[in-house]
Amino acid sequence: MTSTAFKPSGDINADTPVFVPTSLTLEHFRTAVAADGFGTFWRNSLFVTVTAVLLALLIAMGAAFAVARLRFRGKRGFVLMVFIAQMAPWEAMLIPVYIIARDTDLLDRLAMLTLLYFIFTLPFTIITLRGFLAAVPVELEEAAQVDGCTRLGAFRRVTFPLLAPGLLATSLFGFITAWNEFAFANMLIVKNQEDRTLPVWLSSFSNTFGTDWGATMAASTLFALPVLILFLVLQRRVTTGFVSGSVKG
């Protein structure tokens, strides 16, 4: 993808493909950045993704704490429902989601996309944070409570700082999931073109005359950069978070 993005058009369409380009060009990147709506779609994707991830972390933290620390009737059933929700294929919900969005006047609205991405990332976030919370000794919270902290205060001062790797791991997964999603964004945002997201914008380089592969690869490279940079920056903490979250609790 990156190699093609830097190739001149003649090399891309050559009969004998070459992986390493003999000459480099930035023309395809200029075409991608100059495309209609690039800046607007970038802001839309960032807003929808970050909002959905933050909401999922906020709600999942409370649910994971309840499942990992508290005893209540229906706990096993709740955990089972979370796992079933995680396994459900997104494609099966395309038509029901469209009908709900149409009947509630939420078509062509970023709020609907944000809500959907929040729902999609929530089960995985709960499952991962539950495992990570279970790996933190409950005696730490009990010791803080003996020293005068409330249950909430003990969680905030003792447990929450230890959750940083798990929070980063789950937030990265949620970011990738929401950032890459195409089907719902393409289906729900139809009339209001200014509310489209970057995955839909990538399809703008295909038309009745064919596909501009150079611009498409350049746009795909720009699209992948935020996730790649984020992962490289958080790599060590993300690995720790996933390993800790896999502990049986």
(request) Whenever you get a sec, compute what percent of the accessible area on the chain sits on carbon and sulfur atoms (1.4 Å probe). (result) 66 percent
(message) Suppose only helical runs count, i.e. DSSP H with n ≥ 4. What mean residue ellipticity at 222 nm does that imply for the chain under -39500 (n - 2.57) per run, divided by all residues and rounded to the nearest 500 deg cm²/dmol?
(response) -22000 deg cm²/dmol
(request) With +1 on each Lys and Arg Cβ and -1 on each Asp and Glu Cβ, and nothing else charged, work out how big the dipole of the chain is about its Cα centre, in Debye to the nearest 20. (result) 1120 debye
(message) Taking volume of the Cα convex hull per residue in Å³ straight from the coordinates, which label in (i) 130; (ii) 168; (iii) 195 is the correct one?
(response) (ii)
(message) Leaving out ligands and nucleic acids, and using a 1.4 Å probe, what accessible area per residue does the chain come to in Å²?
(response) 57 Å²
(message) Residue by residue through segment 150-155, what is 3J(HN,Hα) from phi via Karplus (6.51 cos²θ - 1.76 cosθ + 1.60, θ = phi - 60°)? Round to whole Hz and write x for glycine and proline.
(response) 6, 4, 5, x, 5, 5
(message) Can you tally the net charge around Gln145? Count Lys and Arg as +1, Asp and Glu as -1, for every other residue whose Cβ sits under 13 Å from the Cβ of Gln145.
(response) 0
(request) Springs between alpha-carbon atoms under 10 Å, Gaussian network over the chain: tell me which of Gly214, Gly148, Gly174 tops the mean-square fluctuations. (result) Gly148
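The values are calculated or read from the model by the stated rules, or taken from the named source; none is laboratory data. Predicted, not measured: the structure shown is a model, and the values here were computed from it. Cβ atoms come from the backbone with ideal geometry, glycine included; neighbour counts cover every protein chain shown. Ligands, DNA and RNA are excluded from the accessible area calculation, which covers all protein heavy atoms including side chains. Shrake-Rupley method; radii C 1.70, N 1.55, O 1.52, S 1.80 Å.
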